[in-house]
Amino acid sequence: MPNAAQHPLALVAELTHRCPLHCVYCSNPLELQSRANELSTEAWSRVFKEAAEAGVLQADFTGGEPLARPDIVELIRNARAAGLYVSLITSGIPLDEAKLEALVQVGLDHFQLSFQGAREETANDISGTKSHQQKLRVLQWIKRYRIGLTLNFVIHRRNIDELEEMLAIVEDSHPGCVEFASVQYYGWAFANREKLLPTRQQLDYCVERLKRAEEELQGKTRVVFVVPDYYARFPKPCVGGWGRKLMLITPNGDALPCHAAPIIPGLKFENVKNRSLREIWEDSEAFQKFRGEDWMQEPCKSCDRREQDFGGCRCQAMLLAGDAAATDPVCSLAPQRPKVDAILAQINESQLGVPGERGSANQLAKPEWLYRPNPA
Amino acid sequence: MNVDLNSRPRLAAGCRMGENNNQRVLLMPERALRLNGPSLEIVSRCDGKHSVSQIIGELQLLYSKAEPHKVEQDILGYLDLLQKERALDFEP
């Protein structure tokens, strides 16, 4: 065993891959799981108990769209009863006032609402469905409750110039937190990458504007900005380190160290139907694979930052360097960094119209998106 | 931020106390804080009833060996941190 496992702190429960939205950057895998293979209410409820017993504090209910599960109220109730703090990461669709009331009544702790833009036209184009107005309605309903609220704006080249309007939605809805989460390039986003990557100019403005927003909103709303990995100097500590903090359970019960892990060839995942969560955490092959430092290559192996970023993201290394054990190619020290620079150069030097004009990217013709479908 | 001594802090929406393996924690959206000793004493008094001065007074008694001014500064610093994390609301 390469390293003694600490206990997991967070459980990401991908309750379903079904979703009324078709976002062009969806982080779900290209091969979506069908409804017929989803875990039952009972199986999920056992997972919540096992998670709490293994030391998990928080459960993030996500998908697909977690509200697409007809048993969502019961699942939240059971996760709370197991002792977990429950976040619902949702598009707000399908939801009505009565359903929201029921979610709050059974003890939902935190409601995270995703936004695809601030303008209806952009948001609907990105999500491939008419969804924006419903989100604004949900924001009004939720004001009745004393519940944690996070707004999550997913940011990319097509909507980054709507920042001011996004901040106006924040001002109006007083969330405890707002996240401006740049798209990262896996799954559907990887397929649409050239249409989504922002320009450096857009990004610089965004950083500067959000710094001001942070001051303006201090004490009211926490502002979190997630930079696109490709523009970072050093990689993110992906999932807080492989097999260190987080477990993700897919709709059919496979236990993953990270949502994108199935793209790594040869990794075998165990299923919660066959083994307990604690056993899977402690000694399954997939969780052991990149735990600790033994797997690292240079420059990670002798790098001072290896305990901060754990070598970055294994799945990004797979996608960009073709080797899951390589240094995350977004790292400025990585031998594969020139590949990332070439991708950025293409975005920044071509097609983008008048220099100095922030809005130029949006004046392009509508892209031919590869939309994420809804699984059977 | 200046903490008003007469205000009464309480846990913000989405924040609550929890426990796992005998460790008390403050659970917040996306994160959690371990609570031990003084931090637990402070947070468990953030109930919307205790004013900041009352919390200071009670902890000065509880930690009577510590210098009272130091206790006050530590509490104000910790409340300020929790406020920045959006873990507290201050009722007038």
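The one condition from (1) more than 22 Å from residue A:149 (Cβ to Cβ); (2) in contact with a Pro (Cβ under 7 Å, 6 or more places away or on another chain); (3) not polar (S, T, N, Q) that residue B:38 does not meet is (2). Of everything listed in (1) among the charged types (D, E, K, R); (2) under 21 Å from residue A:231 (Cβ atoms); (3) in a helix (DSSP H, G or I), the single unmet condition for residue A:179 is (3).
Residues that are more than 10 Å from every other protein chain (Cβ to nearest Cβ), surrounded by fewer than 19 Cβ atoms within 10 Å (Cβ to Cβ) and under 10 Å from residue B:87 (Cα atoms) within segment B:11-28 are absent altogether. Select, from A:118, A:59, A:79, A:52, the only residue that is modelled with pLDDT of 95 or more and farther than 22 Å from residue A:258 by Cα. Step by step, each of A:118, A:59, A:79, A:52 is checked, and only A:118 is modelled with pLDDT of 95 or more and farther than 22 Å from residue A:258 by Cα. Residues that are out of contact with any Pro (no Cβ under 9 Å at 6 or more places or on another chain), surrounded by fewer than 18 Cβ atoms within 10 Å (Cβ to Cβ), of a type in the set (Gly, Ala, Ser) and closer than 23 Å to residue B:28 by Cβ do not occur anywhere in segment A:108-120. The condition (being without any contact (Cβ under 8 Å) to a residue 24 or more places away in the chain and of a type outside the set (A, V, I, L, M)) is satisfied by just one residue among B:86, B:8, B:24: B:24.
The sole residue among A:228, A:262, A:251, A:235 that is of a type outside the set (Asp, Glu) and more than 26 Å from residue A:369 (Cβ to Cβ) is A:235. When the residues of segment A:121-144 are filtered to those that are in contact (Cβ under 8 Å) with a residue 12 or more places away in the chain and within 30 Å of residue A:57 (Cβ to Cβ), which remaining residue is surrounded by the fewest Cβ atoms within 10 Å (Cβ to Cβ)? Once the filter is applied, the top-ranked residue is A:143. Within the option set A:256, A:197, being closer than 21 Å to residue A:60 by Cβ and away from chain B (no Cβ under 14 Å) holds for one residue only, A:256.
Residues to consider are A:67, A:88, A:84; find the one that is within 14 Å of chain B (Cβ to nearest Cβ), without any contact (Cβ under 8 Å) to a residue 40 or more places away in the chain and buried (at least 17 other Cβ atoms within 10 Å of the Cβ). Only one candidate qualifies: A:88. Of A:305, A:291, all but one fail to be crowded, with 17+ Cβ neighbours inside 10 Å and basic (Lys, Arg); the exception is A:291. Of everything in segment A:132-174, what is of a type in the set (Val, Ile, Thr), in a helix (DSSP H, G or I) and in contact with a strand residue (DSSP E or B) (Cβ under 8 Å, 6 or more places away or on another chain)? Give them in sequence order. If the condition is that a residue be of a type in the set (Val, Ile, Thr), in a helix (DSSP H, G or I) and in contact with a strand residue (DSSP E or B) (Cβ under 8 Å, 6 or more places away or on another chain), then A:138, A:142, A:169, A:170 are the ones that fit.
If you filter segment A:143-179 down to residues that are within 14 Å of another protein chain (Cβ to nearest Cβ) and within 17 Å of the chain's Cα centre (by Cα), you find that the one that is farthest from residue A:373 (Cα to Cα) is A:177.
The single condition among (1) within 14 Å of another protein chain (Cβ to nearest Cβ); (2) free of Cβ contacts under 8 Å to residues at least 60 places away in the same chain that residue A:105 does not satisfy is (1). I need the full set of residues from segment A:18-36 which are under 22 Å from residue A:183 (Cα atoms) and touching a Ser or Thr at 6+ places or on another chain (Cβ under 8 Å), in order please. Within segment A:18-36, A:19, A:20, A:21, A:22, A:23 qualify.
Do we find a residue being in contact with a His (Cβ under 7 Å, 6 or more places away or on another chain) and farther than 24 Å from residue A:316 by Cβ anywhere in segment A:205-220? Yes, segment A:205-220 contains at least one residue that is in contact with a His (Cβ under 7 Å, 6 or more places away or on another chain) and farther than 24 Å from residue A:316 by Cβ.
The values are calculated or read from the model by the stated rules, or taken from the named source; none is laboratory data. No experiment lies behind these values; they were computed from the predicted model shown. Note that we place each Cβ from the backbone using ideal geometry, even for glycine, and neighbour counts take in every protein chain shown.
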